[in-house]
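The values are calculated or read from the model by the stated rules, or taken from the named source; none is laboratory data. These numbers were taken from a predicted model, which means no experiment stands behind them. Cβ sites come from the backbone with ideal geometry, for glycine too, and all protein chains shown count toward neighbours. These accessible areas exclude ligands, DNA and RNA; they are computed on the full protein's heavy atoms, side chains included. Shrake-Rupley method; radii C 1.70, N 1.55, O 1.52, S 1.80 Å.
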Amino acid sequence: MAQSQAKLATDMPKLVQGTPEQFADYMATNRKPLVDQLGGMSKQQRAAQFGQLAVDQAAATKRYTAGRTAYVLKQEQASIQTSLSARRMNMDAAKGDPDLYMTEVNGFVGSLYKDVWQNPKLTNAAKIDMTQQAAEFAASSDNVAVHAAMQNTKFDFPDGTSGPMLSKLPWDAQVKVDKAQ
């Protein structure tokens, strides 16, 4: 059992990158030799060993679920950050043409809304964090139009509320962003 637990701990970083079905297959494969050993045990030993297997299975499933959730969230955030970075570069490139620049600003803010606030894979905390990062980018890079769009454009959010994107930030973050403008 100790060897099985040590192997699981070593394999878990890779397992969280796989599907739940792959994790279940892994667990079934590694559980089989342990279950096979139950036949040579006394009734009391079998009961204790089986109980321990059940506890270990539940703990492993919890670790996998938490790790898998964090992995998926990290991958989703990385994808969104790449997309928003490309949009930032487009805005910078368009600064010489006011109409094109405003088109890029609207595209940036629209992507932030669609890719972040409409994304069921992201936690509310991740949505707030990514919105705050975008607002701080706008403040630090002299993209006043981004800040204005985030402050003045009304959106309908999945939680049933509506309002400007900056209204989703905690009050202290809103003040910090406003002061940076």
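Within the accessible area of the chain, what % is carbon and sulfur when the probe is 1.4 Å and the other protein chains stay in place? For the chain, the apolar C and S fraction of the accessible surface comes to 57 percent.
Using the beta-carbon distance between Asp99 and Lys121 and R0 = 30 Å, what value does 1/(1 + (r/R0)^6) give for FRET efficiency, to the nearest 0.05? For Asp99 and Lys121, the calculated efficiency is 0.30. For region 1-50 versus region 87-151, the inter-centroid distance based on Cα atoms is 47 Å. Candidates Gln22, Ala59, Met41 compared by Cα position along the dipole of region 1-106: farthest toward the positive end lies Met41, with charges placed on Cβ.
Computed about its Cα centre, the charge dipole of the chain is approximately 920 debye, with only Lys, Arg, Asp and Glu carrying charge at their Cβ.
Between the beta carbons of Met12 and Ala180, assuming R0 = 35 Å, the FRET efficiency works out to 0.30 to the nearest 0.05. Backbone amide hydrogens, once placed in the peptide plane, bring Asn143 within less than 5 Å of nothing, excluding anything fewer than 5 places away on its chain.
Working from label points 7 Å from Cα in the Cα-to-Cβ sense, the Thr65 to Phe157 distance is 2.6 nm. A Förster radius of 45 Å, combined with the Cβ-Cβ distance separating Ala47 from Asp25, puts the computed FRET efficiency at roughly 0.95.
In the context of the full set of protein chains, the chain has a per residue accessible area of 59 Å² (1.4 Å probe). Excluding same-chain neighbours fewer than eight residues apart, the lysines reachable from Lys179 by a Cα-Cα span under 28 Å are Lys95, Lys114, Lys127, Lys154, Lys168.
Here the contact order of the chain, divided by its residue count and restricted to Cα pairs under 8 Å and six or more residues apart, works out to 15 percent.
The modelled label-to-label distance for the pair Glu136/Asp92, using points 7 Å beyond Cα in the direction of Cβ, is 1.8 nm.
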